[in-house]
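The values are calculated or read from the model by the stated rules, or taken from the named source; none is laboratory data. Source: prediction; values computed, not measured. We place every Cβ from the backbone using ideal geometry, glycine too, and count neighbours over all the protein chains shown. Just so you know, the surface numbers come from the protein's heavy atoms only, side chains and all, with ligands and any DNA or RNA stripped out. Shrake-Rupley method; radii C 1.70, N 1.55, O 1.52, S 1.80 Å.
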Amino acid sequence: MKNSSSTYQGNSFQTESISKTIFSRITTDQLNTVGTVATRYSLVVLLLSFGLFKFYAFEAEAIQPLVANSPLMSWLYILLSVGQVSALIGTVEIVLGILIAIKPWQPKLSAYGSLGAVLMFITSLTFMISTPGMWITQEGLPVPSDGGFILKDIVLLGSAIWTAADALITYNKKKLQH
């Protein structure tokens with residue numbers, strides 16, 4: 001049997017030649033471009049989707065306990081109904097998604113959209129602390145009682161921070177060219 005770095009379990013399958021083929025065809029610039037587009041526009045799709053859901057009663061009711069227990073957002077229910085608060089949040093999510101999406105044409109506005117999303121995700125992550133019953137104990141470990149649906153906001157926060165930086169880099173490059 002040959003060295004495992006050059007074969008796979010004795011088969012004629014050459015891992016070194018396959019990895020050379022893959023990496024000779026894909027450059028880091030290409031991978032970076034695909035990753036950039038995928039990160040930005042998956043964030044956009046999620047924000048638009050989440051935003052649209054907020055216009056439906058099922059979503060308004062689902063977020064009500066989170067918002068009602070939030071020291072940052074509970075005051076909204078003094079001014080607006082459950083449905084109106086949900087629609088307001090949805091509108092903000094849709095606007096932020098659109099702003100993030102327009103980076104090729106308006107990088108500065110896109111950066112503002114990303115920074116708005118950063119604030120939104122930080123706010124939603126505080127729900128993990130402010131919402132009673134958010135955590136339960138399973139086999140001695142604290143776990144989110146909702147299956148961890150808010151934990152996704154950690155990754156979305158990172159994406160929003162990255163898209164803000166990416167948009168600002170583009171904006172600054174365009175400014176230097178003019």
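Worth a mention:
- Tally, over segment 47-61, of residues that are open to solvent by 60 Å² or more (accessible area, probe 1.4 Å) and touching a Gly at 6+ places or on another chain (Cβ under 8 Å): 4
- Restricting segment 80-97 to residues that are in contact with a helix residue (DSSP H, G or I) (Cβ under 6 Å, 6 or more places away or on another chain) and in contact (Cβ under 8 Å) with a residue 40 or more places away in the chain leaves a set whose member that is most open to solvent (accessible area, probe 1.4 Å) is Ile94.
- Only one of Ala68, Ala38 that is within 25 Å of Pro144 (Cβ to Cβ), out of contact with any Cys (no Cβ under 9 Å at 6 or more places or on another chain) and without any contact (Cβ under 8 Å) to a residue 12 or more places away in the chain: Ala68
- Sole residue being open to solvent by 70 Å² or more (accessible area, probe 1.4 Å) and within 14 Å of the chain's Cα centre (by Cα), chosen from Ile122, Ile100: Ile122
- Pairs linking a residue in segment 153-169 that is of a type outside the set (Lys, Arg) to a residue that is open to solvent by less than 50 Å² (accessible area, probe 1.4 Å) and not in a helix (DSSP H, G or I), with Cβ atoms under 6 Å and 6 or more positions apart or on different chains, are Ala167/Lys103.
- Yes/no for Ile161 being of a type in the set (A, V, I, L, M), assigned to a helix (DSSP H, G or I) and in contact with a Lys or Arg (Cβ under 9 Å, 6 or more places away or on another chain): no
- Residue match in segment 136-146 (condition: β-branched (Val, Ile, Thr) and surrounded by 17 or more Cβ atoms within 10 Å (Cβ to Cβ)): no
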